[in-house]
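Reviewing the structure listed below.
The values are calculated or read from the model by the stated rules, or taken from the named source; none is laboratory data. Nothing here was measured: the structure is a model prediction, and the numbers come from that model. Using ideal geometry, Cβ is built from the backbone for each residue, glycine included, and neighbour counts are taken over all protein chains shown. Side chains are part of the model used for accessible areas, which takes the heavy atoms of the whole protein and leaves out ligands, DNA and RNA. Shrake-Rupley method; radii C 1.70, N 1.55, O 1.52, S 1.80 Å.
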Amino acid sequence: MRHLSEYRDPALAKKFIEEIRKVSHKKISLMEVCGTHTVAISKNGIRQVLPEKITLLSGPGCPVCVTANRDLDKAIAIAQEPGVILTTFGDMMKVPGSHSSLAREKAEGVDIRMVYSTLDALGIAENNPNKKVVFFGVGFETTSPTVALSIIEAERRGLKNYSVLVRHKVIPPAMIALLSLGEVRIDGFICPGHVSTIIGSLPYEPIAAEGIPCVIGGFEPLDILQSILMLTKQIENGESCVEIQYSRSVRPRGNEIALQTLDKVFKLADADWRGIGIIPESGHALREEYAAFDADRTFKVDIPPPKEAQGCSCGEILRGVKFPHECKLFGKACTPEAPVGPCMVSSEGSCAAYYRYGK
Amino acid sequence: MEDKILLAHGSGGKLMHDLIKQLFLKKFNNPILAKLDDMAALDLGEAKLAFTTDTYVVDPLFFPGGDIGKLAICGTVNDLAMSGAIPKYISAAFIVEEGLPFTELEGILESMAEAAREAGVAVVTGDTKVVEKGGADKLFINTAGVGIIPGDADISGSNAKPGDKVILSGTIGDHGIAVMSHREGLKFKTTLASDCAPLNQLVAEILQASKKIRCLRDPTRGGLASTLNEFADQSQVGIVIEEQLVPIKEEILGACEMLGYDPFHIANEGKLVAIVAPEDTEKLVTVMRENKYGKDATVIGEVVDEPKGKVMAKTIIGATRILDMLVGEQLPRIC
Amino acid sequence: MCLAIPGKVIKIKENDIADVEIGGIVREVGLHLAPETKEGDYVLVHAGYAIQTIDEEAARETLKLWEELGIVETP
């Protein structure tokens, strides 16, 4: 087993589609919370093969998209400080802040480097002892343990020139916030498979207890189809529980070592979500013991108040209130070449997925 | 448009096409350039010449399966061959950063000479400039090439017609991933080698076999998706391909999944896409498979009437999606 | 939101670093978050770290279930 091609069988896909058609009677809206699901759904054309009664909404699960302009502006301001090398994942490079993007600053000569892993950022810190290396940490629970590890590792190696601008976010509070906003009907959640690999299935229990079925799904086409089938069955039968479709990597308690690592380095903190605003305890801050690694404390930069792009509906799209093509800028003033909002620039943003692969 | 040139303007995708159309074409407008083929076809009365130029800035200079020198010759030869021309002469200009080891330059020239021998072309003129450290990155090579277009050849990206078939000469993504595997920061180990190869012999064989080849192009920067989109745009037709029919090595898929790349956007240096009349398709696939550079040749799709200017891909679950050009520079991503 | 891909652990080296094969390419991956991993296991790789070992039995079960769905016509 290689754990890839097995989950892409066209004949089985047909069977799943038939099954879904058989069990689907009610008109339902399912939200895929995760941006990687959004891309997989668009790339495989899953919307086209579902019965019309089933609508798939895209949620706030693109970490790049939900990063507030204020936070991007701060990362750019820190990168411009003398002696700084700003490191971050490739995903963040092109995202526009209020006035600029990291890619544009890099073109201006600011030392901004893309890394594939926080291990690589540590390597840069080690090789540049006279520079201050800052890692701009975005992402959800899948990614944040790897950032926590980099801080533990920096301490172990005695690296004094490494710090992190912590802007991670935590998924379940955002799901609950969306439900309590009540702007959009959500009959079931396709829960993020890789976030859940870390956090497990237990954090979704309160959501299921409110009557919203949750299925933690994998990312291959058959995984997604099966997750949709499982949700449809729950809804049609009037049930609501948390099921794990992606059982090959998700355990109910998640990855306990990763959770302990997170807890060792970070505490929960309020976080600013683009389109939603501040959600209590939906992000991370460094614990006191690790204050020396906190770029928020070591850099005092002044940033002007953030500016939002005119006419951009990213916020509503992230909340599932609008589909990308319902934004008046979509495909006209806002395209992947000239993106106005982050949902168009991030490769897993809903707008980019809709634009690139069609509805 | 951006107010500054970004890396993405050079990555073979949409930004570059816009730059060419909105700036270069405006300033240098003439009917030959306006065709936007990879080479210019020059009608000199007695003979038809194909003329092309290209610049090579690949980093690292040496990669599995080749180096910047082999790439320079193959790339130039292939641009000429894709017009149906027989490549003849090449110029080579070198911009060298001071400090480049002599042995490296020698090795690069040696592989240029070898590639030229294989392709049957001669490097007949050249130039060398040395710049201060930091003025260039180790070595850049600029080439120009000329070839002779046989009287009856009519190959252009604007010739595709509904009903035509799309043939791909082999697996995609090999060059881009092989080069990336040696790049700082992304280091991964692979036995994968660049597919960098001169394709003029293969082209000569298929042109011999059929007079109904409409378009030929080597899907380099921007990958297969960009080449197909160029054909769809230039010919004002739609193109539908079946994802499952496109040959991709497992290593390429692995690297792409890991880094968040789309194999359809990864560069190739030894592959060609041919759009051909349906009746000659089978014959051409057979001919291609007999050449070592075309042994995995296969039909991947066809040309349709609508939607004009767009490329669609049939996915494994039987749906269709748009296959767009690469937008901007491909960056490794974790999300 | 998070790309992660299965790979096979082919060699565990020092400091919790392992060579992991992903479809024929090999990259160094940190095992810090999945320290129980053994050579030969499949792990899920995200941003240079293994974030979980893949449960072969669960995977087989999923596939078996699907196979049955494919063969047995549901009423």
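A viscosity of 0.692 mPa s and a temperature of 37 °C, combined with the Kirkwood radius over Cα pairs in Stokes-Einstein, give a translational diffusion coefficient for region B:32-95 of 251 µm²/s.
Panel values: region B:35-149, Kirkwood radius from alpha carbon pairs, Stokes-Einstein at 25 °C and 0.890 mPa s, translational diffusion coefficient 169 µm²/s.
Could you rank A:ILE124, B:ILE90, A:ILE278 by how accessible they are, 1.4 Å probe, largest area first?
The most accessible residue leads, giving A:ILE278, A:ILE124, B:ILE90.
In this calculation the C-beta distance from B:GLU242 to A:THR55 is compared with R0 = 41 Å, giving a FRET efficiency of 0.90. The spacing between region A:138-172 and region A:319-359, judged by their C-alpha centroids, is 30 Å.
Accessible area buried by the pairing of B and C, both sides summed with a 1.4 Å probe, works out to roughly 1200 Å². Largest GNM mean-square fluctuation among B:ALA116, B:ALA93, B:ALA47, using chain B with Cα springs under 10 Å: B:ALA47. When only alpha carbons are used to place a centre, region A:232-304 and region A:76-130 end up 23 Å from one another. A:LYS328 exposes around 150 Å² of accessible area when a 1.4 Å probe is run over every protein chain in place. Note that region A:208-218 has calculated 3J(HN,Hα) couplings of 5, 5, 7, x, 9, x, 10, 10, 8, x, x Hz, one per residue in order, obtained from phi through the Karplus relation 6.51 cos²θ - 1.76 cosθ + 1.60 (θ = phi - 60°); glycine and proline are x.
Only helices enter the 222 nm calculation for the protein assembly as shown: every DSSP H run of n ≥ 4 contributes -39,500 (n - 2.57), and dividing by all residues gives -9500 deg cm²/dmol, rounded to 500. Calculated over region C:5-71, the projected area of the Cα convex hull averaged across directions stands at 4.9 nm². Which residue fluctuates the most in chain B, going by a Gaussian network model with Cα springs under 10 Å, if the choices are B:VAL273, B:VAL77, B:VAL57? Of B:VAL273, B:VAL77, B:VAL57, the Gaussian network model singles out B:VAL57 as fluctuating most.
For a straight C-alpha distance cut-off of 18 angstrom, the lysines reachable from C:LYS38 (same-chain residues fewer than eight places away being disregarded) are C:LYS8, C:LYS11, C:LYS13. Note on chain A: Cα convex hull, mean projected area over all directions, 18.0 nm². For the pair A and B, the buried accessible area comes to roughly 3100 Å² in total, with a 1.4 Å probe and the value rounded to the nearest 100. Roughly how many percent of the accessible protein surface of the protein assembly as shown is carbon and sulfur, given a 1.4 Å probe and a whole-percent answer? That fraction is 53 percent. The figure for A:THR298 is an accessible area of roughly 80 square angstrom, using a 1.4 Å probe on the protein chains alone.
Within chain A, the selection of entire DSSP H helices by a Cα span of 30 Å or greater along the long axis and an average Kyte-Doolittle value of at least 0.0 returns an empty list.
For chain B, compute the orientation-averaged projected area of the C-alpha convex hull (one quarter of its surface), in nm².
Numbers: hull surface 70.8 nm².
Approximately 17.7 nm², given one-decimal rounding.
Solvent-accessible surface of the protein assembly as shown, taken per residue with a 1.4 Å probe and all protein chains present: 39 Å².
The listed residues A:ASP302, C:ASP19, B:ASP296, B:ASP18, once ranked by accessible area (1.4 Å probe) with the largest placed first, stand as A:ASP302, B:ASP296, B:ASP18, C:ASP19. In this view, the solvent-accessible surface of A:ARG356, computed with a 1.4 Å probe and all protein chains in place, comes to about 40 Å². Return, ordered by residue number, the residues of region B:59-90 whose backbone nitrogen is under 15 Å from a label point located 7 Å along Cα→Cβ of B:LEU109. Under cut-off, by backbone N: B:69-70. Proximity of backbone amide H atoms, modeled 1.01 Å from N, is registered between B:ARG217 and B:VAL273 at under 5 Å, excluding neighbours fewer than 5 places apart on the same chain. Using only protein heavy atoms and a 1.4 angstrom probe, determine the accessible area buried between A and C, summed over both sides, in Å² to the nearest 100. In total, this chain pair buries about 3800 Å². Stretching the chain fully between B:ASP152 and B:ASP43 yields a gain of 38.0 nm (0.36 nm per residue, less the alpha carbon separation). Partner lysines whose Cα lies under 29 Å from the Cα of A:LYS15, excluding those fewer than 8 positions away in the same chain, are identified as A:LYS26, A:LYS27, A:LYS43, A:LYS53, A:LYS233, A:LYS359, B:LYS249, B:LYS314, C:LYS64. With θ taken as phi - 60° and the Karplus curve 6.51 cos²θ - 1.76 cosθ + 1.60 applied, the whole-hertz 3J(HN,Hα) list for region B:194-211 is 4, 8, 2, 7, x, 9, 5, 5, 4, 5, 4, 5, 6, 5, 5, 7, 8, 9 Hz, x standing for glycine and proline. Here the calculated FRET efficiency for B:GLN208 and B:ARG183, from their Cβ-Cβ distance with R0 = 45 Å, stands at 0.70, rounded to the nearest 0.05. Note on region B:165-322: Rg/Rh from Cα positions, Kirkwood definition for Rh, rounded to two decimals, is 0.97. Note on region C:27-59 and region B:42-67: Cα centroid distance 45 Å, given to the nearest whole angstrom.
Annotation: amide H of B:VAL237 within the under-5 Å range of B:GLY309, sequence separation 5 or more or interchain, hydrogens built in the peptide plane.
Say R0 is 35 Å: what FRET efficiency, to the nearest 0.05, do A:ALA209 and C:LYS64 get from their beta-carbon distance? Efficiency, rounded to the nearest 0.05: 0.65. With a 10 Å cut-off around each Cβ of C:54-61, the average count of Cβ atoms from other chains is 4. A crude spin-label estimate for the pair A:ASP263 and A:VAL23, with each label 7 Å from Cα along the Cβ direction, gives 3.5 nm.
Multiplying the residue separation of B:LYS308 and B:LYS283 by 0.36 nm and removing their Cα-Cα distance gives an extension gain of 6.2 nm. For region A:131-170, the residues whose amide N sits under 20 Å from a probe point set 7 Å from the Cα of A:GLN80 along the beta carbon direction are A:132-137, A:165-166. Remark on B:GLY65: its backbone amide H falls under 5 Å from those of B:SER194, a criterion applied only to residues 5 or more positions apart or on other chains, H modelled at 1.01 Å from N. For the residues B:ILE73, B:ILE108, B:ILE213, a GNM of chain B with alpha-carbon springs under 10 Å puts the largest fluctuation on B:ILE108. Evaluated at q = 0.06, 0.07, 0.08, 0.10 Å⁻¹, a Debye calculation over the C-alpha positions of the protein assembly as shown (equal weights, vacuum) places log10 I(q)/I(0) at -0.37, -0.51, -0.68, -1.06.
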